[in-house]
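Supplied in structure tokens, the structure appears directly below.
The values are calculated or read from the model by the stated rules, or taken from the named source; none is laboratory data. Given the structure is predicted, the values throughout are model-derived calculations rather than measurements. Glycine gets a Cβ as well: all are built from the backbone with ideal geometry, and neighbour counts include every protein chain shown. Ligands, DNA and RNA are excluded from the accessible area calculation, which covers all protein heavy atoms including side chains. Shrake-Rupley method; radii C 1.70, N 1.55, O 1.52, S 1.80 Å.
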Number of protein chains: 2
Amino acid sequence: MQRPSFADALFNPRAIALIGVSDDAGKTAGRPLRFLRKHGYAGPIYPINPNRSAVQGERAYAGVGEAPGPIDHAYILVNTPAVEAAVAACAEAGVAVATILASGFAEAGDAGRERQRKIVEIARGGGLRLVGPNSLGVINTWAPLALTANAAFAADTLPRGRLAVLSQSGSLIGTLVSRGAARGIGFGKLISVGNEADLSVGEIGAALAEDPDTDAFLLFLETIRARDEMARFAALARRAAKPIIAYKLGRSEVGQALAVSHTGAMVGSDAAVDAFLRRHGILRVDHLETLLEAAPLVVGRNPPTGRNRRVGVIATTGGGAATVVDRLGLLGVEVTPPSADTLAKLRAVNVPPQSGPIIDVTLAGTRYDVMRPALDILIDAPEFALVLVTIGSSAQFNPELAVKPIVDCAREKKPLAVFLTPQADETLRLLAQHGIAAFRTPEACADAIAAYLAWHEPPPASGARPETITRAAALLRAAQAQGEVLDERQSLALFEALGIPVARSHVFDAAAPPPALPFPFPVAAKVLSPDIIHKTDAGGVALEIATASDLGEQARALVAAARSRHPAARIEGVLVQPMERGIAEVLVGYHLDAQAGPVVTVGMGGTLAEIYRDYAVRTAPVSAAEAAEMIADVRGFAVLRGHRGKPPGDVDALAEAIAALSTLAGLSEPAVLEAEINPLIVRPAGKGVVAVDGVVRLAPAQR
Amino acid sequence: MQRPSFADALFNPRAIALIGVSDDAGKTAGRPLRFLRKHGYAGPIYPINPNRSAVQGERAYAGVGEAPGPIDHAYILVNTPAVEAAVAACAEAGVAVATILASGFAEAGDAGRERQRKIVEIARGGGLRLVGPNSLGVINTWAPLALTANAAFAADTLPRGRLAVLSQSGSLIGTLVSRGAARGIGFGKLISVGNEADLSVGEIGAALAEDPDTDAFLLFLETIRARDEMARFAALARRAAKPIIAYKLGRSEVGQALAVSHTGAMVGSDAAVDAFLRRHGILRVDHLETLLEAAPLVVGRNPPTGRNRRVGVIATTGGGAATVVDRLGLLGVEVTPPSADTLAKLRAVNVPPQSGPIIDVTLAGTRYDVMRPALDILIDAPEFALVLVTIGSSAQFNPELAVKPIVDCAREKKPLAVFLTPQADETLRLLAQHGIAAFRTPEACADAIAAYLAWHEPPPASGARPETITRAAALLRAAQAQGEVLDERQSLALFEALGIPVARSHVFDAAAPPPALPFPFPVAAKVLSPDIIHKTDAGGVALEIATASDLGEQARALVAAARSRHPAARIEGVLVQPMERGIAEVLVGYHLDAQAGPVVTVGMGGTLAEIYRDYAVRTAPVSAAEAAEMIADVRGFAVLRGHRGKPPGDVDALAEAIAALSTLAGLSEPAVLEAEINPLIVRPAGKGVVAVDGVVRLAPAQR
């Protein structure tokens, strides 16, 4: 028997071994056997337990090698110390995939990391693929296969469906299945990926991109471990028109800390993760239940195109609809009244006259013959990208009045989001059965609508011309000889090589008399040292110097101050620049995020961006068009947009500078860890931008 | 029979009239009779219908006056145009309370407002109290009384409970009742207050403050119409130790617009409403389901005291708990690991060693004999103000393991919030039955916890000394003679009268030679006019004037610019001040909010406060201690708190200035509509503050 693909072994194994399975069907290590049988797995199951000849009444084998037939998938249920031997046995026995339940690996300090490295090494040596450690298992309702220790699968039935779940939390799979079952939402494949020591979310997802039983993917993420595989998955899923929806922990600082300690992952910024997901066309939801509820909005659809991202609202209860609309307002979604044309059509079908953005048919219009034509009119109305329908009490007792029209209308043309105000479980089930997005809470409903409207086709690839990269790389290799941190002069030279306008500058020795400058006074003088990053704090900056003699005096003072505060710093001289002026001082940064990889950031200079978390982040590189979107996202850039009748700034030149800095992502040797232009001065429209200071840090040289 | 109190007539009427009741029990105007009978109302019901001798098989009467007995409560179900006559008939017949279903009153333009005024006038003349118009009715499950047209009461049972609901949305009552019924949460009294033409949320609530069947109040608000009554209600409820929890629409601009158009209310600022609720000890929740779920956190409890507002977390599923904790982090709630002492106690009861803030007992610890002692330890741990418990799959199939310990533990000492990750309806019911706060979604759970921890005892009353008020009032009366807007000099004089330090200033005529100044150069010069509010935009400000001759020249230029841009403005001269310098420029404002009444605001000067919505708002007056809390709430005031090693600002003096301006709330004639110090310059700690500019607008003089 030839080894199957890892995906077949995972989801459609022809034979299964349960290594270390417990005789007690109630214990965690006993459940997989019980659940496999309960939910009707059809192939051979080999319980492996060296201490017993029978487990839960079934014949047990002393080792994987003793099993009477070949094994596609082994679930390793033994304690942490015994995992290594079990992995080795699987590799030797020609098992295709082993899923590991135990914890105590990468999430458990140095010893755990070493333990994990070892099992991966053994598996790779033997052609074995691993899921986990820390995996609660794999489910395929279509096989059927319930190879899992998750207690939720004690439920009597597994509602089938066409959603695939890939989760870094094992317990969450149970949450989704049990909540889904209660309202008729079923799943096809579910996998608890655990630590992703070998198989990652991305690699597993990519293998399922063409799966005929899957319409969409739901991800529960605590971190992003293998971003390139995730990006490949996203591209394949996009090509197959199968949307990916993600819920990711780590939006708050405490949440980030949890994700790190819980999974042994590296910390990265949530804004960078957001940028990564957006770049790859993955929808991100903010509420846990939205992950369960949002899929029908996107299944079979492409991202909305163009500028129309407005929501039309129809309701049998204005107050109920207002709870969603108020929240949509908070999320920045545009909710607008229908056009005059649409209003006229609505009047013709007996919808009462309306004033605001909510079309309230009221109790009087809670009838099939009003709701049905009204829905068709809104679905056809070109002013709306999505229609929100809110149904009140009638959803519970009289679904024939206002719910049936939703089921019957021509909804393939436009997504419908339905919020039911009462407890109406039967109606939720009915809508799920018809593939209609229905929501239990106004908050999840608004969350899903906002995620749908923020969904974009991934932008076309961008990047620098090869000669720019070559020039920048040469410059960095030369700088690298002196250390990993570039000084201001070197940093400005790099920015210039990338095509960013930089301030003219001149370096001189403070001990010598001040030189003749190639530019007029007033000037700024700064101490030049790769070892002093915060020059201002070190007393190393003097501004508005008006004369040559003043320059000489200030230069000596700067160096003296820097020497006294940073005695060990290498001081290379004093850098002088003309005083550059503009409309705003901006920070443009590039760095390698631990989760998302290369990202570019823009925000106001100074402390405001930090205090208000007011910056835009995208994965690098970005085109100038994407950079322009970033600029539009920064609230503090109101000043650049011609705030209060003042002249606007040169946002085109700023966008070009952001795009230019972002091309650092194309450099691999030496790689840039971090590069920051701070400040970049933005002049009035048409007058350009100029970088006046910055810092660059390289990755340690590869050997 | 004497007229009962309006509260008795509302909730325990001895006899009911249904005016205009329909023979069709399925129609809105037919439902109240059906629901009264269905849910067992015991007193006489008099259907009133001049066109029929019987309605739904019951004897009908031609008019209220024809009913064979006295009527406590009439539900007026007739169409809008017929309401006035029905109200008049009720007044004449000595009915105590009439509830009005029809819409088309204050929410429907001028004609509707007039219609509403008229019925209130008639009712007042006849000693009749009104609920509505736009009211879906009144329910008292203990009576029992289901005097409502809300379709949700077609349900077969009305679960009883000890929560009272007062709602400006009628449909929301059905939402709460049906959702509550599904999980064992019952209600005592529910009322749809409609337009509050006569009886307001506050007056009805106040009448229920001592109600023995009520433990807590839930409010669904679209606006605040009668704030003084609301404040009185809050005070009485507080005295009776009955918490009030509010969900209020209008957080977004579109939501505010809806509230206005839907209910005919006035628009106010959501931040002001927030301040109002906080001032009166009313908890505000952000999610609709939280309104249903949060009450057990507060029933029978006082607001948390002191600085300990930290949350302890125990879970059988770390991933599930993380969904709540991540959200708590976003809401600014502090989630911390247990103390060393607590950890030692936990180890002694077999809780595995923990690192982060979540005590994860894991599958192995999902047992009564681990969870029960662990819960008792956390409840006793002094480092936590509240304990969050998250239960995974076992909540669905094995509540005896980790849910029963919650029911059994000594939870009267500290609030417990329970989040269940699976669908576990039976367990939700069990917890509700035991008065334990249980949540279906991590978001509502975090919302409720944040609301509980933000709950404060209302602050003691504050305000100005009478002589300050007298002085300020005299000054304003004098200014009022010249118009409703004070000029800068008058405004500064008012601030000074309130005890706020103001910049020295000198006014002169620009046509005359510049005078000798009582302070040194450099100075600022500003055109003085009550008609020019935005002096800078009008070219009416010159800064850093260094010499007398420059002052003369600039003064003429200012006046010329102001004249050319505002030809009609009264120009009273040029106001000169020393250039005042400090650490930050701050805006301190006072105004009368349409919903919340007098409020005081503080934020950074310039455009930032507006761009980032970064200001603190409280109802006025505030004490200096409350003002200090306001300062702490403004993120941009990092600069005043000694940001990055810089000297801190005089926040004590700033707090005094805020408190002083807020005492304007004590002035009634003339009343101040709006007063703004912009900027107030904050000097380094110990050096005080100084108001350099401002504007004051008075209410039109009363006749």
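Give the nm distances, rounded to one decimal, from B:PRO648 to the matching residue in every other copy, measuring between label points 7 Å along Cα toward the beta carbon; shortest first.
In ascending order, 4.3 nm.
What is the magnitude of the charge dipole of segment B:584-698 about its Cα centre, with +1 placed on the Cβ of each Lys and Arg, -1 on the Cβ of each Asp and Glu, and no other charges, expressed in debye to the nearest 20?
On the way: 9 positive and 14 negative charges, 93 e Å.
Dipole about the Cα centre, nearest 20: 440 debye.
Going out from 0 in 5 Å bins, what whole percent of all Cα-Cα distances in segment A:6-285 drops into each bin?
Result, from short to long distances: 1, 6, 13, 17, 19, 17, 14, 8, 3, 1, 0 percent.
Only bridges whose two residues both fall in chain A count here: according to DSSP, what percent of them are antiparallel, nearest 5?
50
Oh, and also: If I ignore ligands, DNA and RNA and count only protein heavy atoms, how much of B:HIS643 is accessible to a 1.4 Å probe, in Å² to the nearest 10?
Accessible surface of B:HIS643 is approximately 50 Å².
R0 = 51 Å: FRET efficiency of B:THR157 with A:ARG37, Cβ-based, nearest 0.05? List each step's numbers first, then the result.
Working: r = 41 Å, r/R0 = 0.80.
According to the calculation, E is roughly 0.80.
Between segment A:470-494 and segment A:13-67, how far is it from one alpha carbon centroid to the other, in angstrom?
The two parts, judged by their Cα centres, are 60 Å apart.
Which value at 222 nm does chain A reach when only helices count, each DSSP H run of 4 or more adding -39,500 (n - 2.57), with the total divided by all residues and rounded to the nearest 500 deg cm²/dmol? Don't skip to the end; give the middle numbers.
On the way: 25 runs with 247 residues, N = 703.
So the helix-based figure for chain A works out to -10500 deg cm²/dmol.
Let me ask you something else. Measuring from a point 7 Å out along Cα→Cβ, what nm distances, shortest first, does A:ARG37 have to its partners in the other copies?
5.7
Label point 7 Å out from B:ARG113 along Cα-to-Cβ: which residues of segment B:590-607 have amide N under 18 Å?
B:593-596
What's the percent breakdown of Cα-Cα distances in segment A:303-454 across 10 Å bins, shortest bin first?
For segment A:303-454, the pair-distance distribution reads 12, 47, 36, 4.
Can I ask one more? Let me spell out the model: positive unit charges on the Cβ of Lys and Arg, negative unit charges on the Cβ of Asp and Glu, origin at the Cα centre of chain A. What dipole size does that give, in debye rounded to 20?
So the dipole magnitude of chain A works out to roughly 860 debye.
Straight-line reach from A:LYS38: which aspartates and glutamates have Cα under 12 Å away, leaving out those fewer than 8 places along the same chain?
The reachable aspartates and glutamates, counting only those whose Cα sits under 12 Å from A:LYS38, are A:ASP156.
Shielding by partners for A:163-175, please: the mean number of other protein chain Cβ atoms within 10 Å of each residue's Cβ. Please report the intermediate quantities before stating the final value.
Numbers: counts 0, 0, 0, 0, 1, 1, 8, 4, 13, 7, 2, 9, 11.
Partner Cβ neighbours, averaged per residue: 4.
Taking the label point as lying 7 angstrom from Cα along the Cα-to-Cβ axis, what are the distances from B:GLU84 to the corresponding position in the remaining copies, in ascending order and in nanometres?
9.2
Moving to a separate point now. Pop a pseudo-label 7 angstrom from the Cα along the beta-carbon direction at both A:VAL349 and B:SER53 and give the gap in nm to one decimal.
Output for this residue pair reads 4.5 nm.
Between B and A, which B residue has the Cβ nearest their rotation axis, distance in Å?
B:TYR612, 2
Under a 5 Å amide H to amide H cut-off, with H placed in plane at 1.01 Å, what residues pair with A:GLY605 once short-range neighbours are removed?
A:GLU585, A:VAL586, A:LEU587
Need the C-alpha centroid separation for segment B:635-703 versus segment B:76-106, integer Å.
So the separation of the two Cα centres works out to 49 Å.
Sticking with this structure for a sec: Plugging the Kirkwood radius over Cα pairs into Stokes-Einstein for the protein assembly as shown, at a temperature of 10 °C and a viscosity of 1.306 mPa s, what D comes out in µm²/s?
My calculation gives 45 µm²/s for D.
Order B:79-85, A:504-510 from most to least packed using the mean count of other Cβ atoms within 10 Å.
A:504-510, B:79-85
Using a 10 Å cut-off around each Cβ of peptide B:386-399, what is the average number of partner chain Cβ atoms that fall inside?
Working: counts 0, 0, 0, 0, 1, 0, 9, 12, 4, 2, 8, 5, 3, 0.
What the average comes to for B:386-399 is 3.
Which one, B:SER529, B:ALA568, B:PHE508, projects farthest toward the positive side of the charge dipole computed for segment B:504-579 from Cβ point charges (K/R +1, D/E -1)?
Of the options given, the answer is B:ALA568.
Right, something else. Kirkwood hydrodynamic radius, segment A:585-703, all distinct C-alpha pairs: what's the number in Å?
Answer for segment A:585-703: a Kirkwood hydrodynamic radius of 14.4 Å.
Here's another thing I want to ask about it. Mean separation of Cα pairs under 8 Å and 6+ residues apart, divided by the residue count of chain B: what relative contact order is that in percent?
On the way: 1582 pairs, mean separation 61.0, N = 703.
It rounds to 9 percent for chain B.
Restricting everything to alpha-carbon atoms, can you work out Rg to Rh for segment A:504-579 with a Kirkwood hydrodynamic radius? Kindly include the intermediate steps, with their values, before the conclusion.
Working: Rg = 11.3 Å, Rh = 12.0 Å.
Result for segment A:504-579 is an Rg/Rh of 0.94.
Please sort B:363-371, B:248-256 by packing, taking for each peptide the average over its residues of neighbouring beta carbons within 10 angstrom, highest first.
Numbers: B:363-371: 19.1, B:248-256: 21.9.
Ranking, from highest mean packing down: B:248-256, B:363-371.
Using a simple charge model, +1 on the beta-carbon of Lys and Arg, -1 on the beta-carbon of Asp and Glu, nothing else, what dipole does segment B:254-371 show about its Cα centre, in debye to the nearest 20?
400
Right, here's the next one. Would you work out which of B:THR468, B:VAL692, B:PRO44 lies farthest towards the positive end of the dipole of chain B? Charges go on Cβ: Lys and Arg +1, Asp and Glu -1.
B:PRO44
I've got another one for you. Keeping every protein chain in place, order A:ARG613, B:ARG279 by accessible area at 1.4 Å, biggest value first, i.e. largest first. Don't jump to the answer; show the numbers that get you there.
Values: A:ARG613 155, B:ARG279 45 Å².
From most accessible down to least: A:ARG613, B:ARG279.
Once R0 is set to 25 Å, what does the formula 1/(1 + (r/R0)^6) return for the Cβ-Cβ distance between A:GLU669 and A:ASP228, expressed as a FRET efficiency to the nearest 0.05?
FRET efficiency, A:GLU669 to A:ASP228: 0.90.
Specify which residue in the list B:ALA374, B:ALA294, B:VAL617 is farthest towards the positive end of the charge dipole of chain B, using unit charges on the beta carbon of Lys, Arg (+1) and Asp, Glu (-1), about the Cα centre.
Ranked along the dipole, the leading option is B:ALA374.
With 10 Å bins from zero, work out the P(r) of chain B over every alpha carbon pair and list the percent per bin.
With a bin width of 10 Å, the distribution comes to 3, 13, 19, 19, 17, 14, 9, 4, 1, 0.
For the cross-link pairs A:LYS646/B:LYS535; A:LYS404/B:LYS27; A:LYS242/A:LYS414; A:LYS687/B:LYS535; A:LYS345/B:LYS27; B:LYS189/B:LYS242, which exceed 22 Å when the distance is taken from alpha carbon to alpha carbon?
With Cα atoms farther than 22 Å apart: A:LYS687/B:LYS535; A:LYS345/B:LYS27.
Over segment B:303-454, what relative contact order in percent results from Cα pairs under 8 Å that are six or more residues apart?
Numbers: 276 pairs, mean separation 43.4, N = 152.
Normalised by residue count, the contact order of segment B:303-454 is 29 percent.
Shifting gears a bit: Let me confirm one metric for peptide B:283-291, namely the mean number of other chain beta-carbon atoms within 10 Å of its residues' beta-carbons. Let's see the in-between values first.
Details: counts 0, 0, 0, 3, 7, 8, 5, 2, 0.
Mean shielding count: 3.
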